Every structure is written in structure tokens, then in C-alpha cells.
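Single-structure report; data block below.
Values quoted throughout were computed directly from the atomic coordinates according to the rules given, and no laboratory measurement underlies them. In this text, all values refer to a predicted model and were calculated from it rather than measured experimentally. Reconstructed Cβ throughout: ideal geometry from the backbone, glycine too, with neighbour counts over all protein chains shown.
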Amino acid sequence: MLVRDLTIPPRYAADPLLRALQGALRGHLRTLVARLSPQVTRRAAPPPPRVAARLCPVTTASAPRPRRAAVLVAAAVSAMTLTGCSLNSPTTTLLRYAPADGVEIDGEDLVVRDLLVVSNGDGSPAVVSGSLVNRGDEPLTVSVTANGEPLSQEITVDPGGRTRLDGVAPDGSQGERLVLPALDSPAGQSVEIRLSTGSETLSANAPVLLPHGPYEGFADDAGGTVEPHPESGSDH
């Protein structure tokens, strides 16, 4: 405003000296105003504030409630079905069975394994076969009866030892067999065998097998060798 106010009245506007003085004063005033005015410095604009990246949790759509309920019901039914199968049909490996032709008897001290009778039956003599195991601390003296008939021979079993009724020794040698003089039951039937130690008595129905195959070695004391049946369909 100060520079603009330096004007010459109209009546002196034609004077060249005044016009020159006016121009000089305006130039000096502009320079003086520029020096006296505060300097404005430009500052860099502050950087935009950093915004921390936020990870949005990823959510998966859950199954509808009716579908989830159906899955749970199906799983429960399957579990009940499997449980019922295991109850009605127990695992075969959990069932005890005799891995031989004879029967087994478990007593407190006396244990009997593979108990059977070898004979042709019908009045023939019979060999009582099987193993006696003493799991006690004292020797056992065992007496045997077959179909109520006592056998004269008694067997002694040492503590922790094993003795066979048919006289076969651990080294394979043949000892005295336990023989029934006559057996009326035919092969394929069973004979009641009782074993008594004085402190306990064990009994079982032992099967009667022919002296054939693995039992052919008992033929001399079991009524003789089994004769093979003639082949059918022979020419006439």
C-alpha cells in the first residue's frame, strides 16, 4: 500500500523530474519492504501417518446345524453298531482253544495238556496220552481213572516238571505207557478221565482217536494197526 500511495497529483504529472523521482522512490521502497518482511520458509509436508496392517482373521463357514447334527448321529450309530458286534461276536484271538487234538485242564498245582485216548475201541486196549505239568513247589503223585475204572499205575511229577502219560520221554525215548486194558467206547466218542493228586481232582471228557497217522506208534497197545478201507468203484 505504501508503494502505491506514491502518486503525483495530476497538475504535476507532466513534470519529468517528478516522474523520475517517483520511479526511484518506488524502487527503493520495494527493496526496503522486501528486506523488512519476514522470510517465509517452506517446510516439507509431514509424511502421512503409518497405518499398521491388520490381519483379518480368516473364518470358514461352519456347517449348518442340521448337517452337523446328522453327522454326529451317524457317528454315534456306527460306534454302537461296532460295539454290538464286538459284544455279540468276541474277537477270535481272545477265545481260548486247545491247539491240539486233546483237551486241557487247569488246576491249582496240576496242569493237563493234550489229554486224549488212542484205541480201536469195541473192547480193545487204550493208551491214555497227554502231558502233566506241576507248577507247585512240592512233588505230585497223580492217580488216573478212565470211565470210573482206576488204573494201577501212578505218575510222579517233580516241581516245575513235565511228564507224559504215554511214556514218551523229553529225549524221544519210550517209557512205560498208561494203558487201559479194554475200552468199550468206539473211536470218535469220548472217555471221562479223572486225575487226582490228593489235594485236588481234575476231570474231562477226552476224545478217542484211532491209532493212525501221528498216533500209529501206539497201535501195539491200542488194538492194532488200522486197516485201510478198500477203495470204492473197483471193477467187478
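For residue 208, the shell of other residues with beta-carbons less than 12 Å away shows a net charge of -4, using +1 for Lys and Arg and -1 for Asp and Glu. Model label points for residue 141 and residue 21, set 7 angstrom from Cα along the Cα-to-Cβ axis, are 16.8 nm apart.
Each other residue within a Cβ distance under 14 Å of residue 157 adds +1 if Lys or Arg and -1 if Asp or Glu, for a net charge of -3.
For region 135-152, putting each phi into the Karplus relation 6.51 cos²θ - 1.76 cosθ + 1.60 with θ = phi - 60° gives couplings of 9, x, 9, 10, x, 10, 10, 10, 9, 10, 10, 10, 6, x, 9, x, 9, 5 Hz, in residue order, rounded to whole numbers and with x for Gly and Pro. Under 5 Å between amide hydrogens, built in the peptide plane, is the criterion, and for residue 161 it picks out 134 among residues at least 5 positions away or on other chains. Between residue 32 and residue 190, the contour length at 0.36 nm per residue exceeds the alpha carbon distance by 42.6 nm. Taking amide H positions as modeled 1.01 Å from N, with prolines and chain starts lacking one, the residues under 5 Å from residue 142 and 5 or more places away or on another chain are 155, 156, 157.
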